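Some notes on the structure that comes next.
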Number of protein chains: 2
Amino acid sequence: MNVEIISIGDELLIGQTINTNASWIGSELALRGAKVSHCAVIEDKKEAIVDALESALKRADAVIITGGLGPTKDDITKYTLAEYFNTELVINEEVLNRVKAFFERRSRKMLDVNIQQAALPKSAIILRNDVGTASGMLFEIENKTVISLPGVPYEMKHILTTSGFDFLVHKYTVSNLFHRTIHIQGIGESYLAEAISSIEKRLIDNTIKLAYLPSPGIVRLRFTSTPSEASKKLIEDAITEIKSLLPQKVFGEGDVTLNKIIGDILIEQKSTLGTVESCTGGQISKDIVQIAGSSSYFKGSIISYSNDLKINLVGVDAESIKLYGAVSEQVVKEMAINGRKLLDVDYCIATSGIAGPTGGSDVKPVGTIWICVAGPTGCNAKKFNFGDDRVRNIKITGLTGLNMLRQMLLKINK
Amino acid sequence: MNVEIISIGDELLIGQTINTNASWIGSELALRGAKVSHCAVIEDKKEAIVDALESALKRADAVIITGGLGPTKDDITKYTLAEYFNTELVINEEVLNRVKAFFERRSRKMLDVNIQQAALPKSAIILRNDVGTASGMLFEIENKTVISLPGVPYEMKHILTTSGFDFLVHKYTVSNLFHRTIHIQGIGESYLAEAISSIEKRLIDNTIKLAYLPSPGIVRLRFTSTPSEASKKLIEDAITEIKSLLPQKVFGEGDVTLNKIIGDILIEQKSTLGTVESCTGGQISKDIVQIAGSSSYFKGSIISYSNDLKINLVGVDAESIKLYGAVSEQVVKEMAINGRKLLDVDYCIATSGIAGPTGGSDVKPVGTIWICVAGPTGCNAKKFNFGDDRVRNIKITGLTGLNMLRQMLLKINK
């Protein structure tokens, strides 16, 4: 299956919005064995849409179009496609009822423009949108498929994962490449490559592809091969070897996240969690509650950003701050240990650091960060420096704290 | 000047890398009055490059190509372009010396493949790369221009800003399209369109384009026109009218964010801020500390996720939770009011809600969320329902809380 993507929107062309939709669709299709060979970003203009669609249909089996399905006047995709496929717009009663229910649930008034969102091309298969008012539309032309989706990432993803991808995978032949991906925290891409160089060489000699996919704080390592049993075995062995080589770093495989993994372990161990954060300002806490059901193990946090709150609310000894500074092993330990009692939890993650871009000194340069995890059997504090970018520091510190907790929970910290 | 962008690289198509290069080029060209009307992402293949280039040259004045200029075997752009423009590769001595110096400065061994990077198309104008080893190349064909650049963002940006953009701006007429963008919180795209329909009609009648750019909790509204004084005046008047129509909703213009705006107001008013969060779990707190310098106004937060912490740490009356439930006006008010005292701040934002996907009841369905802002002159609590997606609820609740604070700070809350 060869797919092309057309992203519609002036905001993409003038760089106001980064085209994350195309990346997401590309990566999801790759996971399903399909290939994206071309992606076009075009203007919200009828001629541009028709030109791009015609070019794409010459080359690809399927074309996925995103954008231009909103209720406002600048959204012209639906009208352009109806004309292109020579069909008329008719009110779809099921969609109309769903749009009505959507507004009722939110106790909001439904407008004429919203009713128009139920007017859909007669010849299209409607792809249900449970999370918004713009339906997906699927057109079949000879042996080719055109899917039109809203540009709102959340709605686009919902429609593709609940119906769009399945339709394509059933209709077309996908290459059955075999993929596995492991997730690694706490080691940079080049150091990882060095640490596993002999394993990587063995895989490459056996035509197994390795891809390093870095993001702040995390590297995903993807293995790709033919679906032969021999290749699968080689990848399995390589993953086992990397896990035993870097048990503190490798935290999961497949479609996982660190916050989800920690939640699962805490539920299994019937343990509870809280955080006392300074430089991360709630980043860790916020990451934890992204997981549905986190209320069963997460009790809460204190974000003691000011020294006053560290002393008055968390009970850090004022003398410790005076002697060692707020960014110190002593203070971060007091934060974590006191946090366990104050929040009445089994485990507490604490952070204190200089996120930047200013506030550093010769002794404690920007980026100096202390993280401590306290648990029933003691605490573990470590010092880091992730550089001088504020947002990146906060993000990486959060992930590192979560991974240190994971290590303590699994008794693999050192 | 009409420009098209061609981004070369399989990593872009399979979503391993997000195409930030195209966004950056688009936004920089827009600032310089040029228009990007099409962007293609293609495979590292000769036919794909030639096809995309031919299509682009039919439509555009200039084509900017990024990617495929590295030293490894999969980098074929230079060879493809040399063949396409019917020219040969010759060693450019100046470039060779620069590449040599580049390796010497880093005390790294120079390889044969690196020497080959000084072999450049004879007919091309070489665009100097001071920060890497792959030169930019500029080809002129009739009145059209093709610029080929390395895909490394840092190198691509360096070459365009030091020579590429200047060349284009001098060669072609730029259209100075005039853009303004305002940011709106707390009203959906379709309601916004209805609220400003008469203003929008007037603008459209005067050929001024309006684009709605929605993201969870926020809609950006972009106005585009010719740079005539009359159009600018019409846009200015429209923005003034929308601001006076929706003062609670319109929070800023241009390159702004809600957390930055609030920080600026708090600094100006010499006031301090804290949060007491339940359902948002630290989202608001984390958003506030993204801003460098937030420690001058942000003191900290209590994330009272469990009822125990609401009672024991925040001092919410156990009786209130028993009578009204944790998700109630009474409880969220106590959280905000007590938070002001506990955190010793002027303003406190509190949240309590059912983020989902489960935990709802008939009386309080999933998505029921209370937000309260307490300040020196009283408090303001409101109930919302943003739907049943957990992550989205947390995000929108956070933005809504920040906007309610903004309204109180500016005394425009109602």
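The values are calculated or read from the model by the stated rules, or taken from the named source; none is laboratory data. Just so you know, these numbers come straight off a predicted model, no measurement behind them. Every residue, glycine as well, gets a Cβ built from its backbone with ideal geometry; the counts of neighbours run over all protein chains shown. Only protein heavy atoms, including side chains, enter the accessible area calculation; ligands, DNA and RNA are left aside. Shrake-Rupley method; radii C 1.70, N 1.55, O 1.52, S 1.80 Å.
Taking the accessible area of the range B:2-171, probe 1.4 Å, and keeping the other protein chains in place, the carbon and sulfur fraction comes to 51%. Among B:5, B:76, the sequence by solvent-accessible area, most first, with a 1.4 Å probe is B:76, B:5.
Only the Cβ atoms of Lys and Arg (+1) and of Asp and Glu (-1) were treated as charged; on that basis the dipole of the range A:178-253 about its Cα centre amounts to roughly 140 debye. Other residues lying with their Cβ under 10 Å from the Cβ of residue A:239 contribute a combined charge of -2, Lys and Arg counting +1, Asp and Glu -1.
The mean count of C-beta atoms from other chains within 10 Å of the C-beta of residues in A:122-133, rounded to a whole number, is 1. For the residue pairs A:73/B:201; A:46/A:73; B:286/B:395; B:286/B:411, the alpha carbons lie more than 19 Å apart in B:286/B:411.
A simple charge model with +1 on the Cβ of Lys and Arg, -1 on the Cβ of Asp and Glu and nothing else charged puts the dipole of the range A:223-285 at about 100 debye relative to its Cα centre.
The other copies place their residue B:153 label points at 1.4 nm from this one, listed shortest first, where each point is 7 Å from Cα along Cα→Cβ.
Could you give the angle, 0 to 90 degrees to the nearest 10, between helix B:229-245's Cα long axis and the longest principal axis of the Cα atoms of chain B? Helix B:229-245 and the main axis of chain B meet at about 20 degrees.
The other copies place their residue B:33 label points at 5.5 nm from this one, listed shortest first, where each point is 7 Å from Cα along Cα→Cβ. Per residue of B:24-34, other chain Cβ atoms within 10 Å of the residue Cβ number 3 on average.
Let me make sure I get this right: for the range B:145-275, a, b and c are the square roots of the gyration tensor eigenvalues over alpha carbons, sorted descending. Under 1.5 in a/c it's rounded, otherwise prolate if a/b > b/c, else oblate. Which is it? Oblate, since a/c reaches 1.5 and b/c is not below a/b. Here the range B:2-171 carries DSSP beta bridges of which approximately 40% are antiparallel, counting only pairs with both residues inside. The listed residues B:409, B:57 rank as B:57, B:409 when sorted by accessible area, largest first, using a 1.4 Å probe. Residues of the range A:1-20 whose accessible area (probe 1.4 Å, heavy atoms of protein chains only) drops by at least 50 Å² once all protein chains are present, relative to their chain alone: A:13, A:14, A:16, A:18. Classify the range A:2-171 as rounded, prolate or oblate from the Cα gyration tensor: take a ≥ b ≥ c as the square roots of its eigenvalues, call it rounded if a/c is under 1.5, otherwise prolate when a/b beats b/c and oblate if not. Because its axes are fairly even, with a/c under 1.5, the range A:2-171 counts as rounded.
Per residue, the accessible area of the range B:2-171 comes to 45 Å² when a 1.4 Å probe rolls over the protein heavy atoms. Inter-chain neighbour count for B:40-46: the average number of beta-carbon atoms from partner chains within 10 Å of each residue's beta-carbon is 4. Magnitude of the charge dipole for the range B:258-409, about its Cα centre and with charges confined to Cβ atoms of Lys, Arg (+1) and Asp, Glu (-1), is about 200 debye. Enter the buried accessible area of the B/A pair, total of both sides, probe 1.4 Å, in Å² rounded to the nearest 100. The summed interface area works out to 5900 Å². Expressed as a whole percent, the accessible area of the range A:291-332 that falls on carbon and sulfur atoms is 46 (1.4 Å probe).
Other residues within the sphere of radius under 11 Å centred on the Cβ of residue A:377, judged by their own Cβ, net out at 0 (K and R +1, D and E -1).
From its DSSP helices (H runs of at least four residues, each -39,500 (n - 2.57)), chain B gives a residue-normalised ellipticity at 222 nm of -12000 deg cm²/dmol. Entry note, chain A: relative contact order of 10 percent, from Cα contacts under 8 Å with a spacing of 6+ residues.
Could you please state how large a percent of the accessible area of the range B:178-253 is carbon and sulfur, counting protein chains only and using a 1.4 Å probe? So the carbon and sulfur contribution to the accessible surface is 58 percent. With all protein chains in place and ligands, DNA and RNA left out, the 1.4 Å accessible area ranks B:107, B:190, B:295 as B:107, B:295, B:190, largest first.
Label points for residue A:59 are taken 7 Å from Cα along Cα→Cβ. From this copy to the others they lie 1.3 nm apart, shortest first. Average accessible surface for the range B:279-342: 36 Å² per residue, computed with a 1.4 Å probe over protein heavy atoms with every protein chain in place. Accessible-area loss of 10 Å² or more (1.4 Å probe, protein heavy atoms, chain alone versus all protein chains) is found in the range A:345-386 for A:357. Computed with a 1.4 Å probe over protein heavy atoms only, the accessible surface of the range A:178-253 comes to 49 Å² per residue. Among the residues of the range A:250-289, those with an accessible-area drop of 40 Å² or more from chain alone to full protein complex, heavy atoms and 1.4 Å probe, are A:281, A:286, A:289.
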